[in-house]
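To start, the structure itself, in structure tokens.
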Amino acid sequence: MIEKIGIMGCGWLGFPLAKHFVAKNYKVYGSTTSKDKLAILGKEGIYPYKISLSADGIKGDIQGFLSNIHVLIINIPPKLRGGGSESFIEKIKHLHVEIKKSNLSKIIFVSSTSIYGKIDGEVSEETEPCPVSESGKQLLASEELLGQDGALKTAIVRFGGLIGPDRNPVTMLSDKQNLSNGNQPINLIHLEDCIQMLDAIVTNNYWNQIFNGVYPLHPTKREYYTAEALKRNIPPPAYQDDFSSKTGKIVISKNFLDKNHFFYTSIVS
């Protein structure tokens, strides 16, 4: 039985995920890069570790962290936006080396639907990835590094756009003008469903599998963000008239739904 879970990256998703597992009486070990957050984790019953990953190596008691757990959930997204040059795959390579030194064999790697790139139409876990962004390329390389290690039992979860308390893209899109792709579908998932998916993998031992994590409702960006802006009483974004033949991608969470799981929290508030 899995009794001890490690969550590398206790941020917007990782922290409530850790509290969820604590509430289910797991022993939960959480990593943070912030010294100030150690006490916050401890107050929630999470065993805190200050660990920092970089392309140059790992700072912190990584072996002490790994030696305590049965499952490791890697939840450290690439920081490659805005022209950044961080080598995310090098960070994962360093972590992989440390994992191999430990007795740990069960890994959940939190990835992204960005690995599918700009494919048009429906995509499932069986679709060949075709990333175009640097973060998507490095996430795919990290998936392959962990997933192709035959000594590890690895589950890969490709989440769509994350929404939840105090987080929705509409707040950044509000009042923007002349936006493109208004007729393309959204691919979003609520925080609570992210947690339920990760819980289902641990509870049911869904190892050596890939899961898309996207709510099965795909209105257009124009429809969704206009409605969300009006609910919040903020100016909606304005989209260009779209005469493109491209339909955009619709990400299907086929593997999760085929196992008779379902999504609990609608993306429509």
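What to note about this one:
- Enumeration of residues in segment 184-228 that are acidic (D, E), more than 23 Å from E126 (Cβ to Cβ) and out of contact with any helix residue (DSSP H, G or I) (no Cβ under 8 Å at 6 or more places or on another chain): E192, E223
- The set of residues from segment 68-100 being at pLDDT 95 or above, charged (D, E, K, R) and open to solvent by 40 Å² or more (accessible area, probe 1.4 Å) comprises E90, K93, K100.
- Residue within segment 148-163 that is under 19 Å from the mean Cα position of the chain (by Cα) and in a loop (DSSP other than H, G, I, E, B) present: yes
- Single residue of segment 95-114 satisfying the filter (among the β-branched types (V, I, T) and farther than 15 Å from T154 by Cβ) that is nearest to the chain's Cα centre (by Cα): T113
- Within segment 162-176, considering residues that are touching a residue at least 40 places away in the same chain (Cβ under 8 Å) and out of contact with any helix residue (DSSP H, G or I) (no Cβ under 8 Å at 6 or more places or on another chain), the one nearest to H96 (Cα to Cα): T171
- Pairing residues of segment 121-134 that are more than 18 Å from P219 (Cα to Cα) with residues that are part of a loop (DSSP other than H, G, I, E, B) and open to solvent by less than 30 Å² (accessible area, probe 1.4 Å), at Cβ distances under 7 Å and at least 6 apart in sequence or on separate chains, gives C130/G117; P131/G117; V132/G117; E134/L80.
- Failed item, numbered, when I189 is tested on (1) part of a loop (DSSP other than H, G, I, E, B); (2) touching a Phe, Trp or Tyr at 6+ places or on another chain (Cβ under 6 Å): (1)
- Residue within segment 197-211 that is out of contact with any Cys (no Cβ under 8 Å at 6 or more places or on another chain), modelled with pLDDT under 95 and among the β-branched types (V, I, T) present: no
- Qualifying residue in segment 110-122 (condition: at pLDDT 95 or above, over 22 Å from G14 (Cα atoms) and of a type in the set (D, E)): yes
- Residues located in segment 46-67, provided they are open to solvent by 40 Å² or more (accessible area, probe 1.4 Å) and within 24 Å of T203 (Cα to Cα): Y47, P48, S67
- Restricting segment 202-220 to residues that are in contact with a Phe, Trp or Tyr (Cβ under 7 Å, 6 or more places away or on another chain) and not in a strand (DSSP E or B), the residue that is most open to solvent (accessible area, probe 1.4 Å): P216
- Tabulated pairs, segment 210-226, first free of Cβ contacts under 8 Å to residues at least 12 places away in the same chain, second open to solvent by 30 Å² or more (accessible area, probe 1.4 Å), C-beta under 8 angstrom, 6+ apart or interchain: T226/P236
- The set of residues from segment 23-45 being among the small types (G, A, S) and surrounded by 17 or more Cβ atoms within 10 Å (Cβ to Cβ) comprises G30, S31.
The values are calculated or read from the model by the stated rules, or taken from the named source; none is laboratory data. Remember, predicted model here, so these are calculated numbers, not experimental data. Because the Cβ atoms are built from the backbone with ideal geometry, glycine has one as well, and the counts that use them run over all protein chains shown. Side chains included, ligands, DNA and RNA excluded: accessible areas come from the protein's heavy atoms. Shrake-Rupley method; radii C 1.70, N 1.55, O 1.52, S 1.80 Å.
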